[in-house]
Structure formats: structure tokens, C-alpha cells
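Reading through the C-alpha cells given below for one structure.
What follows is calculated from the coordinates using simple rules that are stated; it is not laboratory data. The shown structure was predicted, so the numbers you read here are calculated from the model rather than taken from an experiment. Note that we place each Cβ from the backbone using ideal geometry, even for glycine, and neighbour counts take in every protein chain shown.
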Amino acid sequence: MLYDVFKMLHVLGVVVLVGNVTVTAFWKVFADRTGNPRLIAHAQHMVTVTDWVFTLGGIVLIYGGGFGAALVAGLDPFEPGWLLWGQLLFAVSGVIWLGVLVPAQVRQARQARAFAAGGAIPEAYRRDGRRWLVWGIVATVPLVAAIWVMVAKP
């Protein structure tokens, strides 16, 4: 029973994290395409909010549920190859997120606060937006690969 609770928390974390990553990118791109400074600034603010709530919350659920399930099942969380590979892929995504996406997002948030009242949207904001989208897609690939590893257990 405890194993099932941990596994459910782990799966819920994956759904929350991957769902947030994909949906946030989708609505941010479409907000940016409007050219409306107030709407773009609001969307950029919500990217930050949803990252704190859903991305960070998903990560906590993934690790807490995953490690809890492994330990309850009597597995070394680092021993079976599929568990290790899943964690390595997750870490690769995290490194990209922390090294590229968060800094771009912080720059965009600062710029968005400056043009939120209707000012001009600087080219640097758009450049960071393109970078954020491309690297966000790149960072999602290892997450999807980690899901496959966890399901297939090769």
C-alpha cells in the first residue's frame, strides 16, 4: 500500500512537471506572438509563478515519490540501471533548465516589468524568448526519455 502511494506521488509529479513545461511554453509563445506588451508581461510573470508552483512542486513529488517507492520496494535507488539512467536524464534536463532557461527567464521577467505598462518590447526580450523556447524543447527531450526508461525498464 505504501509503495502504491509513493508511486502515485511519483507519477503525479511527472504529470505536473511535464504538463507545466509543455503548457507554459505553449501559452507563452502565443502570448509573445500577440505583440501586446501588457499581455506579454503578464504571461512572463505567470511563467515564473507556474515554475515555482508546478515545476518545483513536480520535482519534489518526483523525487519524494520515486525514492520512497524504491526504498519501500527494497531497491537501491541508484542500482538498477533503469533507475540510474532515469535520474541521469532528469539531471541533464535540470542542468539545462538551471543553466540556460532560468537565466533567460529572469532576464525576460526584468524586461517585461519595464514594458508592462505598454512600453516598447526590446529585441533582447524576443531573443531571450527564442532561446528559452529552443532550449526548453531541448530540456524536454531528456524528460521524455526518462519517462520511457522508467516505463520500459531496459
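Couple of notes before you dig in:
- Look at the Cα gyration tensor of the chain: its axes a ≥ b ≥ c give a/c of at least 1.5 with a/b over b/c, and that counts as prolate.
- Per-residue Cβ neighbour rank within 10 angstrom, fewest leading, TRP82, TRP132: TRP82, TRP132
- Between the alpha-carbon centres of segment 21-52 and segment 60-86 there is a gap of 34 Å.
- Residue-averaged 222 nm ellipticity for the chain, from DSSP H runs of 4+ at -39500 (n - 2.57), nearest 500: -28000 deg cm²/dmol
- Label point distance in nm, VAL23-LEU84, each placed 7 Å from Cα along Cα→Cβ: 3.6
- Its relative contact order, with pairs defined as Cα atoms under 8 Å and 6+ residues apart, puts the chain at 33 percent.
- Note on ILE121, ILE40: ascending count of other Cβ atoms within 10 Å places them as ILE121, ILE40, the fewest first.
- If only the Cβ of Lys and Arg carry +1 and only the Cβ of Asp and Glu carry -1, the dipole of segment 2-152 around its Cα centre is close to 780 debye.
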